[in-house]
Amino acid sequence: MKIFLILSLFAMGLNAFSQNECDEANSYFVIAYSHVKEAYDSNNISHLKYFADRSLKSFKLAKKAMGNCNCVKALILANKSIDLLAKVDTAETYEDGRFFVKRARNISRECVIEIDKCSVASTTLISETNNTGTLSDLEKEQLKLRQQQDALKRKEAELKAKLAEQQEKSLLLKKKELIHSYESAISSTIKTYNETLHICSCNHDTLKAEVATEDELETQSLEAIISYFNQTIKGLASNYMAELDSCSPN
């Protein structure tokens, strides 16, 4: 009898750990599905690729988090989604990219459903084992404590997932603010340069700066955005000096 109880507790301990692993992976799967939906709702290829990439990364994190979570169907669906989302980056047109995103979105939805089933199945198994009446009061307390610990770990995983999503939104907002600041500075600089050239009576073509669209820039890192605009400003200054050196009074 004692051996049976020890084996039962060991099995339940493994199952409790498995439940935690399933729930942590579940959080990442939900984020991945959220990103792929945003990709599908995007109205341009830059945003579509950006959110598809975020979904791809979340799926990879979910696979790592699965650990002992024995959810074969969810894993198979996750791999299919990863394969589809990986093709979005090389898509040449918005329509091609959206074709892969649409398929990945549908499969991702099924993936979330399957991982939910695994989490529920784990919870049900623990509950049924606890109701068999074969456990002593101490063993029941131990099981209760273990379940509370698992609940805390699941909550921690959910909070981490939410924090990651908030950080991502915060980063996107910083990028937008940085881009707008640089665009305003460049616009003001161009106006000043052209006014100066006009005052100097220079016959010249109006200075302009070819700047990438906001959608394209938002897919880059903050460092890459800063470097891009710094180079643009340097090029603008160089063109201005060249015009100023070559100009002659009327």
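The values are calculated or read from the model by the stated rules, or taken from the named source; none is laboratory data. These numbers come from a predicted model, not from an experiment. In this analysis, Cβ positions are derived from the backbone assuming ideal geometry, glycine residues included, and neighbour counts consider all displayed protein chains.
Is there a residue being touching a Leu at 6+ places or on another chain (Cβ under 7 Å), closer than 30 Å to H47 by Cα, modelled with pLDDT of 85 or more and not hydrophobic (A, V, I, L, M, F, W, C) anywhere in the stretch 234-249?
Looking for residues that are touching a Leu at 6+ places or on another chain (Cβ under 7 Å), closer than 30 Å to H47 by Cα, modelled with pLDDT of 85 or more and not hydrophobic (A, V, I, L, M, F, W, C), one finds none in the stretch 234-249, hence no.
Among (1) of a type outside the set (D, E); (2) more than 23 Å from the chain's Cα centre (by Cα); (3) at pLDDT 90 or above, which single condition is V120 missing?
Of everything listed in (1) of a type outside the set (D, E); (2) more than 23 Å from the chain's Cα centre (by Cα); (3) at pLDDT 90 or above, V120 misses just condition (3).
Evaluate the stretch 41-60: report whether one residue or more is at pLDDT 85 or above, of a type in the set (A, V, I, L, M, F, W, C), farther than 23 Å from A164 by Cβ and under 22 Å from the mean Cα position of the chain (by Cα).
Yes, there is a match, as at least one residue in the stretch 41-60 is at pLDDT 85 or above, of a type in the set (A, V, I, L, M, F, W, C), farther than 23 Å from A164 by Cβ and under 22 Å from the mean Cα position of the chain (by Cα).
Where residues in the stretch 61-82 are buried (at least 19 other Cβ atoms within 10 Å of the Cβ) and outside any helix (DSSP H, G or I), which of them is modelled with the lowest pLDDT?
C69
Can you tell me which residue in the stretch 179-196 is surrounded by the fewest Cβ atoms within 10 Å (Cβ to Cβ), limited to those that are out of contact with any helix residue (DSSP H, G or I) (no Cβ under 6 Å at 6 or more places or on another chain) and in contact (Cβ under 8 Å) with a residue 40 or more places away in the chain? Before the answer, list the steps.
The first filter runs over the stretch 179-196 and keeps only residues out of contact with any helix residue (DSSP H, G or I) (no Cβ under 6 Å at 6 or more places or on another chain), leaving 180-181, 183-192, 194-196.
Among the residues that remain, those that are also in contact (Cβ under 8 Å) with a residue 40 or more places away in the chain are: 185-186, 189-190, 196.
Numbers: A185: 12, I186: 16, T189: 16, I190: 16, T196: 14.
Per the stated criteria, the residue is A185.
Could you tell me whether any residue of the stretch 199-215 is within 30 Å of the chain's Cα centre (by Cα), within 13 Å of K175 (Cα to Cα) and of a type in the set (A, V, I, L, M)?
Here is the first cut: in the stretch 199-215, the ones within 30 Å of the chain's Cα centre (by Cα) are 210-215.
Okay, now just the ones that are also within 13 Å of K175 (Cα to Cα), so 213-215.
From the residues that got through so far, the ones that are of a type in the set (A, V, I, L, M) too are none.
Looking through the stretch 199-215, none of the residues is within 30 Å of the chain's Cα centre (by Cα), within 13 Å of K175 (Cα to Cα) and of a type in the set (A, V, I, L, M).
So if I check each of S227, S170, S238, S201, which one is not in a helix (DSSP H, G or I) and not assigned by TED's automatic domain parsing to the domain that holds E38? Don't jump to the end; show me each part of the working.
Values: S227 fails: not in a helix (DSSP H, G or I); S170 fails: not in a helix (DSSP H, G or I); S238 fails: not in a helix (DSSP H, G or I).
The unique qualifying residue is S201.
Which one of S46, S58 is within 21 Å of Q220 (Cα to Cα), small (G, A, S), touching a residue at least 60 places away in the same chain (Cβ under 8 Å) and assigned to a helix (DSSP H, G or I)?
Details: S58 fails: touching a residue at least 60 places away in the same chain (Cβ under 8 Å).
On inspection, the qualifying residue turns out to be S46.
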